[in-house]
Amino acid sequence: MRLYLDVCALCRPFDDQSYQRIRMETAAVDLIMEHIRQGAYAIVASPAHLVEIRRSAHFCEDADILAFLRTFGSSSGMDVEKSRFRAEQLHSSGFGPVDAAHIAFAEDGADVFITCDDDLLRRCKAAGLGLLCMNPIEFTLREKLR
């Protein structure tokens, strides 16, 4: 199964862990990443990841995330032009430009789109995408990850 974790999900372990929800999502992301390292899942890496991460000011976090994506991520078979066109459609229908890009690349290369952004999840589910969209906790429960 190919997973697409957006930058919000990939950065969850670096967020303020004083909130229970964030700690739970961090544990779920860590568990997903461990299963990716073990080869149970593939992670899709896209140009949208690189652009968003490069715009961030958190150098240590960004280096860790980029190293993970470079080591375990795959972008093979992705049609960048098709994804760019799809991102424009999604943006026109109300998605933010970065979210639209992530979703377009996820549709092109992944089976599951994972984010910690509740508003984005609601929009994805309402849009009827041809892609399973969920929170990392939902994914770990669905897959019975340990």
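The values are calculated or read from the model by the stated rules, or taken from the named source; none is laboratory data. Note that the structure is a prediction, hence the values are computed from the model and not measured. A quick note on method: Cβ atoms are made from the backbone with ideal geometry, for glycine too, and the neighbour counts reach across all protein chains shown.
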Are any residues in region 53-74 modelled with pLDDT of 85 or more and not acidic (D, E), and if so, which ones?
I53, A63, I65, L66, A67, F68, L69, R70, T71, F72, G73, S74
Does R84 qualify as being over 28 Å from A40 (Cβ atoms), among the basic types (K, R) and more than 12 Å from the chain's Cα centre (by Cα)?
yes
Helices (runs of 4 or more DSSP H) (entirely within region 65-136) containing at least 3 residues that are among the charged types (D, E, K, R) and crowded, with 18+ Cβ neighbours inside 10 Å
97-109
If only one of S76, S92 is closer than 22 Å to H35 by Cβ and small (G, A, S), which one is it?
S76
Out of all the residues in region 8-21, is one or more among the aliphatic types (A, V, I, L, M) and under 19 Å from A67 (Cβ atoms)?
yes
Within region 1-15, track down each residue that is part of a helix (DSSP H, G or I), more than 8 Å from the chain's Cα centre (by Cα) and under 14 Å from A63 (Cβ atoms).
P13, F14
Only residues that are within 11 Å of the chain's Cα centre (by Cα) and among the aliphatic types (A, V, I, L, M): list them for region 102-129, please.
I103, A106, A110, V112, I114
State whether the residues of region 16-32 include one that is touching a helix residue (DSSP H, G or I) at 6+ places or on another chain (Cβ under 7 Å), small (G, A, S), assigned to a loop (DSSP other than H, G, I, E, B) and exposed (fewer than 13 other Cβ atoms within 10 Å of the Cβ).
no
Would you mind finding the one in M1, M78 that is more than 17 Å from A101 (Cβ to Cβ) and either touching a helix residue (DSSP H, G or I) at 6+ places or on another chain (Cβ under 6 Å) or touching a residue at least 12 places away in the same chain (Cβ under 8 Å) (or both)?
M1
Which residue is surrounded by the fewest Cβ atoms within 10 Å (Cβ to Cβ), if the candidates are limited to region 37-62 and must be more than 13 Å from the chain's Cα centre (by Cα) and aliphatic (A, V, I, L, M)?
A57
Which of the residues belonging to region 33-64 are hydrophobic (A, V, I, L, M, F, W, C), out of contact with any helix residue (DSSP H, G or I) (no Cβ under 6 Å at 6 or more places or on another chain) and either part of a helix (DSSP H, G or I) or more than 20 Å from A106 (Cα to Cα) (or both)?
M33, L50, V51, A57, F59, C60, A63
